[in-house]
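Enquirer: A single structure is presented below for examination.
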Number of protein chains: 2
Amino acid sequence: MDERHARLALALTAYVGGALLARLLETFGSAEAALRAPARALARVPGIGPETVRALTSPDHEAAVARELRHMERLGVGLMVWGDAEYPENLRAIPSPPAVLTVKGRLEAGDRAAVAVVGARRATPYGQQVAARLARDLASRGITVVSGLAYGIDAAAHRGALEGRGRTLAVLGGGIGCLHPAGHRELADRIAACGAMLSEFPVMGRPLKANFPRRNRIISGLSLGVVVVEASLTSGALITARHGLEQGREVFAVPGPVTARQSQGCNRLLKSGAKLTESWEDVVAELAAQLRPGTGPASRGAPPPPPPLPPAGLLEPERRIYDLLADGPLPIDAIIGRLGLPPAAAASALVGLEMKGAISQRAGKVFERAIP
Amino acid sequence: MDERHARLALALTAYVGGALLARLLETFGSAEAALRAPARALARVPGIGPETVRALTSPDHEAAVARELRHMERLGVGLMVWGDAEYPENLRAIPSPPAVLTVKGRLEAGDRAAVAVVGARRATPYGQQVAARLARDLASRGITVVSGLAYGIDAAAHRGALEGRGRTLAVLGGGIGCLHPAGHRELADRIAACGAMLSEFPVMGRPLKANFPRRNRIISGLSLGVVVVEASLTSGALITARHGLEQGREVFAVPGPVTARQSQGCNRLLKSGAKLTESWEDVVAELAAQLRPGTGPASRGAPPPPPPLPPAGLLEPERRIYDLLADGPLPIDAIIGRLGLPPAAAASALVGLEMKGAISQRAGKVFERAIP
């Protein structure tokens with residue numbers, strides 16, 4: 001058995017996940033050697049139990065791999081093994097990368113510039129509308145939208161990305177040949193045509209409930225940031241946010257009514273420091289450094305990142321006011337007059353600039369740029 | 001003319017606000033001396049123009065004061081002059097305190113524990129519901145609710161406070177004898193009975209549009225914190241928030257749908273660092289140090305501030321998990337098992353605790369308290 005198939009065999013072995021795979025490779029030098037290792041040697045690997053040793057030393061690996069490859073061929077599903085050149089760049093360095101990924105569709109180099117848009121299954125019309133708009137706006141600017149093909153927010157995100165004629169990736173909690181929910185067959189086919197469906201589970205594996213929290217680390221791992229659009233306090237989307245945090249990803253949340261159960265998870269994330277997200281611009285502004293030209297979206301026609309203005313994240317008319325103050329301090333009336341702003345809009349922008357530490361106020365409502 | 005009436009005379013003089021009053025007192029030693037000062041001396045006061053000098057040296061002060069006092073007597077309105085013992089404590093130290101305040105109703109010492117609840121006139125049913133609930137919950141716990149008697153959020157806040165059988169203050173943009181909006185007559189009477197209406201404008205003064213932004217500094221100045229419930233980007237409530245910021249007050253905002261114009265101002269405040277507010281608990285948690293026993297609400301039966309747990313602001317079940325980790329690190333399964341939490345709720349709380357820096361994670365999903 002060659003090394004790639006040996007890795008597939010390990011991945012098809014119950015109880016072997018990405019972390020254990022890495023340890024087996026480290027201990028035995030290759031998956032192929034691990035499969036030939038005696039039970040005694042396997043039992044000495046940290047974190048390995050007797051059941052895993054039994055599964056690894058069973059004689060069925062060749063047959064299991066052959067069966068899996070037949071299913072994959074029949075379904076037009078490809079294989080990516082951890083260590084392959086085409087294994088997704090973003091996913092390589094997460095704490096527990098999947099040992100193998102089956103793929104229906106195609107991954108592209110530009111998919112490195114990906115953002116996860118996730119949320120509750122039982123979403124409100126508000127949440128679905130925002131998810132679809134956000135995904136459409138991101139995808140149409142060359143950013144790949146990653147989600148989980150579930151009902152509610154996930155489906156709205158995939159559909160929005162397709163509507164924006166962009167790319168979208170769906171990470172499944174079961175095998176690609178055992179689609180869940182079955183009602184998303186047509187959506188899944190469209191995703192495979194404009195992106196990919198991905199799974200770390202055996203192609204015909206059932207979508208077990210226990211798979212989903214684990215699956216969520218792949219959604220965040222493939223992405224530069226995770227946007228939670230709507231989530232109750234018990235929504236799995238919060239698990240995706242937690243994985244994102246562990247993986248060093250930016251976490252975004254869309255605010256919603258404090259009276260809606262479906263927004264409680266997002267409002268909690270916001271309290272905890274997630275970036276408040278009203279539109280695609282909030283996401284792109286925050287990830288600008290990682291979306292740099294030449295890597296991903298810029299090479300597919302995305303807008304250039306905003307100029308390196310200190311500080312980042314200014315809104316309109318905040319930026320105009322900040323620019324105006326480049327020439328020196330000005331009283332509020334002059335700011336209003338020169339920019340032709342309604343006084344309340346100017347006041348609101350000045351609040352924002354002060355809170356961001358971009359400007360400071362002298363006596364007599366005179367504003368100036370803060371010393372950086 | 002005695003000193004208090006002389007200060008009233010200055011306040012009744014067009015163009016003399018709190019800042020100029022303070023400067024006149026500083027220059028001439030008393031309001032009474034300022035009224036007797038020759039035009040030459042007045043013209044040397046910084047920031048005083050020829051029109052103000054003319055107004056100050058007119059011979060009509062006695063008559064104006066007498067007329068104002070007659071109106072006040074007829075309407076049952078009291079007078080508080082800057083420097084009086086009964087002048088509101090919170091308001092004394094703001095950058096531009098009103099020279100005089102007319103009062104219908106009564107201020108109490110406990111009104112120091114006040115929170116402003118403000119927002120858009122054209123509020124949505126959502127905003128009005130949240131404002132009323134928040135004001136009711138705060139007022140029923142002994143916190144005085146301050147607002148501006150406008151339609152929409154302001155009226156909902158006053159009504160909520162009354163419903164909570166608590167105290168509420170309304171700060172007007174015109175004279176107390178020239179109620180605006182006129183449709184709020186009955187509400188105004190109830191406020192005067194369970195709190196007070198306040199104004200810095202002459203009793204029969206019209207509610208000029210230009211008065212309102214200025215009036216807003218009194219709303220925030222009377223309060224320990226300002227909660228903006230709903231506000232468009234041009235809402236005057238953002239001016240109140242800005243005044244609050246200038247005055248060192250805590251600024252709170254209630255999140256809302258990103259698709260609603262009426263929530264854009266709040267969502268912007270949240271982006272700029274305002275505290276996300278879902279309920280009265282968020283407000284009280286943040287202001288706990290200022291709401292200490294013996295000063296204000298505690299003496300009127302408010303709940304004691306939360307125990308001094310590092311870090312502040314933990315939600316449930318975050319606090320239970322944090323408490324559980326007092327005995328040492330635990331794997332996620334043990335946390336779930338011992339507290340009987342749904343896995344997703346535990347994961348969500350762990351995100352929150354990590355983001356707040358309260359806990360950290362070791363390999364193998366083991367969590368421990370962060371070193372403070």
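Enquirer: Inspect all residues belonging to the stretch A:137-157 and state whether any of them is touching a residue at least 24 places away in the same chain (Cβ under 8 Å) and more than 18 Å from the chain's Cα centre (by Cα).
Expert: No, the conditions are met nowhere in the stretch A:137-157.
Enquirer: For residue A:325, indicate whether it is more than 14 Å from chain B (Cβ to nearest Cβ), more than 27 Å from residue B:282 (Cα to Cα) and modelled with pLDDT of 85 or more.
Expert: Yes.
Enquirer: For the structure I just gave you, tell me whether residue B:251 is part of a loop (DSSP other than H, G, I, E, B) and without any contact (Cβ under 8 Å) to a residue 40 or more places away in the chain.
Expert: no
Enquirer: If a residue must be under 36 Å from the mean Cα position of the chain (by Cα) and surrounded by 13 or more Cβ atoms within 10 Å (Cβ to Cβ), how many such residues does the stretch B:22-40 contain?
Expert: 12
Enquirer: Sticking with this structure for a sec: Just one of the numbered conditions (1) among the hydroxyl-bearing types (Ser, Thr, Tyr); (2) part of a loop (DSSP other than H, G, I, E, B); (3) surrounded by 19 or more Cβ atoms within 10 Å (Cβ to Cβ) is not true of residue A:259; which one?
Expert: Failing condition for residue A:259: (3).
Enquirer: Now for a different question. Just to be sure, is residue B:240 of a type in the set (Val, Ile, Thr) and part of a loop (DSSP other than H, G, I, E, B)?
Expert: It is false that residue B:240 is of a type in the set (Val, Ile, Thr) and part of a loop (DSSP other than H, G, I, E, B).
Enquirer: Against the condition modelled with pLDDT of 95 or more and within 14 Å of chain B (Cβ to nearest Cβ), how does residue A:238 come out, does it pass?
Expert: Against the criterion (modelled with pLDDT of 95 or more and within 14 Å of chain B (Cβ to nearest Cβ)), residue A:238 qualifies.
Enquirer: With out of contact with any strand residue (DSSP E or B) (no Cβ under 6 Å at 6 or more places or on another chain), in a helix (DSSP H, G or I) and at pLDDT below 90 as the only criterion, which of A:21, A:35, A:69, A:42 stands out?
Expert: Going through A:21, A:35, A:69, A:42 in turn, the sole match is A:21.
Enquirer: Looking for something at pLDDT below 95, farther than 15 Å from residue B:117 by Cα, outside any helix (DSSP H, G or I) and more than 9 Å from chain A (Cβ to nearest Cβ) - is there at least one such residue anywhere in the stretch B:212-226?
Expert: No, every residue in the stretch B:212-226 fails to be at pLDDT below 95, farther than 15 Å from residue B:117 by Cα, outside any helix (DSSP H, G or I) and more than 9 Å from chain A (Cβ to nearest Cβ).
Enquirer: Could you please give the count of residues in the stretch B:321-354 that are closer than 18 Å to residue A:232 by Cβ, part of a helix (DSSP H, G or I), in contact (Cβ under 8 Å) with a residue 12 or more places away in the chain and of a type in the set (A, V, I, L, M, F, W, C)?
Expert: 5
Enquirer: Right, another one. Which residues, taken from the stretch A:257-269, are under 17 Å from residue B:134 (Cα atoms) and either within 21 Å of the chain's Cα centre (by Cα) or more than 8 Å from every other protein chain (Cβ to nearest Cβ) (or both)?
Expert: A:260, A:264, A:267
Enquirer: I would also like to ask the following. So, residue B:53, is that one touching a His at 6+ places or on another chain (Cβ under 8 Å) and assigned to a helix (DSSP H, G or I) or not?
Expert: In short, no.
Enquirer: Looking at the structure I just gave you, is residue A:300 buried (at least 16 other Cβ atoms within 10 Å of the Cβ) and modelled with pLDDT under 85?
Expert: yes
Enquirer: A further question follows. Only one of these conditions is not met by residue A:116: (1) touching a strand residue (DSSP E or B) at 6+ places or on another chain (Cβ under 6 Å); (2) more than 22 Å from residue A:242 (Cβ to Cβ). Which number is it?
Expert: (2)
Enquirer: Quick one: is residue A:124 at pLDDT 95 or above, closer than 25 Å to residue A:240 by Cα, of a type in the set (S, T, N, Q) and out of contact with any strand residue (DSSP E or B) (no Cβ under 6 Å at 6 or more places or on another chain)?
Expert: yes
Enquirer: On the given criteria, is residue A:313 open to solvent by 30 Å² or more (accessible area, probe 1.4 Å), modelled with pLDDT of 50 or more and not in a helix (DSSP H, G or I)?
Expert: So residue A:313 passes the test.
Enquirer: Only one of B:43, B:6 is hydrophobic (A, V, I, L, M, F, W, C), open to solvent by 50 Å² or more (accessible area, probe 1.4 Å) and without any contact (Cβ under 8 Å) to a residue 60 or more places away in the chain; which?
Expert: B:43
Enquirer: Identify the residue in the stretch A:203-234 that is touching a helix residue (DSSP H, G or I) at 6+ places or on another chain (Cβ under 6 Å), more than 20 Å from residue A:246 (Cβ to Cβ) and not polar (S, T, N, Q) and, among all such residues, is surrounded by the most Cβ atoms within 10 Å (Cβ to Cβ).
Expert: Filtering first and then ranking leaves A:229.
Enquirer: Farther than 22 Å from residue A:227 by Cα, open to solvent by less than 30 Å² (accessible area, probe 1.4 Å) and modelled with pLDDT of 85 or more: is that true of residue B:291 in this structure?
Expert: Against the criterion (farther than 22 Å from residue A:227 by Cα, open to solvent by less than 30 Å² (accessible area, probe 1.4 Å) and modelled with pLDDT of 85 or more), residue B:291 qualifies.
Enquirer: Additional query: Out of the stretch A:267-294, which residues are free of Cβ contacts under 8 Å to residues at least 40 places away in the same chain and either part of a helix (DSSP H, G or I) or in contact with a His (Cβ under 6 Å, 6 or more places away or on another chain) (or both)?
Expert: A:267, A:268, A:270, A:271, A:281, A:282, A:285, A:288, A:289
Enquirer: If I filter the stretch A:333-346 for residues that are within 7 Å of another protein chain (Cβ to nearest Cβ), open to solvent by less than 50 Å² (accessible area, probe 1.4 Å) and not aromatic (Phe, Trp, Tyr), do I get at least one hit?
Expert: yes
Enquirer: Confirm whether residue B:251 is farther than 30 Å from residue A:125 by Cα and either open to solvent by less than 40 Å² (accessible area, probe 1.4 Å) or acidic (Asp, Glu) (or both).
Expert: Criteria met by residue B:251.
Enquirer: In the stretch B:351-365, what count of residues is obtained for those that are closer than 10 Å to residue B:329 by Cα and open to solvent by less than 30 Å² (accessible area, probe 1.4 Å)?
Expert: 1
Enquirer: OK, next. Being within 27 Å of residue A:131 (Cα to Cα), hydrophobic (A, V, I, L, M, F, W, C) and facing chain A (nearest Cβ under 7 Å) narrows it down to one of B:245, B:233, so name that one.
Expert: B:233
Enquirer: Of the residues that make up the stretch A:274-287, is at least one over 17 Å from residue B:258 (Cβ atoms), out of contact with any Asp or Glu (no Cβ under 8 Å at 6 or more places or on another chain) and within 12 Å of chain B (Cβ to nearest Cβ)?
Expert: For the stretch A:274-287, residues over 17 Å from residue B:258 (Cβ atoms), out of contact with any Asp or Glu (no Cβ under 8 Å at 6 or more places or on another chain) and within 12 Å of chain B (Cβ to nearest Cβ): absent.
The values are calculated or read from the model by the stated rules, or taken from the named source; none is laboratory data. This structure is a prediction, so every number in the text was calculated from the model and none was measured. Counting neighbours? That spans all protein chains shown, and the Cβs are built from the backbone with ideal geometry, glycine included. To get the accessible areas, we keep the full protein, side chains included, count just its heavy atoms, and leave off ligands, DNA and RNA. Shrake-Rupley method; radii C 1.70, N 1.55, O 1.52, S 1.80 Å.
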